[in-house]
Ligand SMILES: NC(=O)c1ccc[n+]([C@@H]2O[C@H](COP(=O)([O-])OP(=O)(O)OC[C@H]3O[C@@H](n4cnc5c(N)ncnc54)[C@H](O)[C@@H]3O)[C@@H](O)[C@H]2O)c1
């Protein structure tokens, strides 16, 4: 496969959650690969930071301050891209509570952002790609939580499991139109989401997570961005409905 398969020159990408962590790394790398990148997030200051990083590297960025649970606003922002080639639906939140202490509002909030927010991004992207007959790529952000479970992970894990189901269903529906849909299920990645705000606790958690990986380390946002670039590009032209697991080998499902 020639390296040019990763070239996104002339293509347009839309990244949600682009103000921070994994979404920011995806936006920067897709821009470095040549795409014009539309960066969306509810954090406008963070978005400005991402756009500045992209421009510093000679790339092209547009920003959209929005909440992914607002499907009308999201659809409007996606429609603003004349033609969309890549959607990376990355925005998400963490929530942890034991099953017996989980309240309805916790479930609604986490499913709202982590599942419905991804669904709305996928719907907007698929509609745009169908209208322009673009053989695009849609990438959703799942989590290693779908393979492992864990105390407190009910809301978060349920939303991510729903993202996996959305990905597989949409892949079967969009395949005949040449639109690919895949999920990325990261392992433990060093971002503001996993920041314990306590150096000792952070070091303990990272040491534990590193011991779980045959590679002996935790992940960086760039590890995930490279997986997203692969799925966004022609290098993965025969890949759809799949869950890519950049997790340092912590889980190895069939
Ligand atoms: N960090 C990890 O270890 C890890 C592991 C597996 C999966 N993930 C997933 O990767 C994605 C990115 O996580 P991250 O670690 O980069 O976290 P992060 O907190 O650094 O970034 C999340 C971004 O999403 C944005 N966001 C949250 N809710 C939003 C909303 N309603 N509308 C618009 N934007 C919103 C935030 O403002 C932030 O910029 C999430 O979906 C997360 O569940 C992360």
**OP:** Mind listing just one residue for me: the one in segment 76-104 that is surrounded by fewer than 17 Cβ atoms within 10 Å (Cβ to Cβ) and within 15 Å of the ligand (Cβ to nearest atom) and, of those, farthest from residue 131 (Cα to Cα)?
**Re:** 96
**OP:** Being over 17 Å from the mean Cα position of the chain (by Cα), surrounded by 15 or more Cβ atoms within 10 Å (Cβ to Cβ) and at positive phi is the filter here, so list the residues in segment 223-254 that pass it.
**Re:** 248
Original post:
Based on what the data block shows, is residue 162 touching a helix residue (DSSP H, G or I) at 6+ places or on another chain (Cβ under 9 Å), in a strand (DSSP E or B) and either within 14 Å of the ligand (Cβ to nearest atom) or under 20 Å from residue 84 (Cα atoms) (or both)?
Top reply: no
Original post:
If only one of 62, 57 is at pLDDT 95 or above, away from the ligand (no atom under 12 Å from the Cβ) and closer than 23 Å to residue 246 by Cβ, which one is it?
Top reply: 57
Original post:
Limited to segment 12-48, what total is found for residues that are near the ligand (Cβ under 10 Å from one of its atoms), closer than 18 Å to residue 228 by Cα and assigned to a helix (DSSP H, G or I)?
Top reply: 6
Original post:
So which of 74, 111, 84 ends up being closer than 15 Å to residue 163 by Cα, touching a residue at least 40 places away in the same chain (Cβ under 8 Å) and in contact with a helix residue (DSSP H, G or I) (Cβ under 6 Å, 6 or more places away or on another chain)?
Top reply: 111
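The values are calculated or read from the model by the stated rules, or taken from the named source; none is laboratory data. As the structure is a computational prediction, the values presented were derived from the model and not from experiment. Using ideal geometry, Cβ is built from the backbone for each residue, glycine included, and neighbour counts are taken over all protein chains shown.
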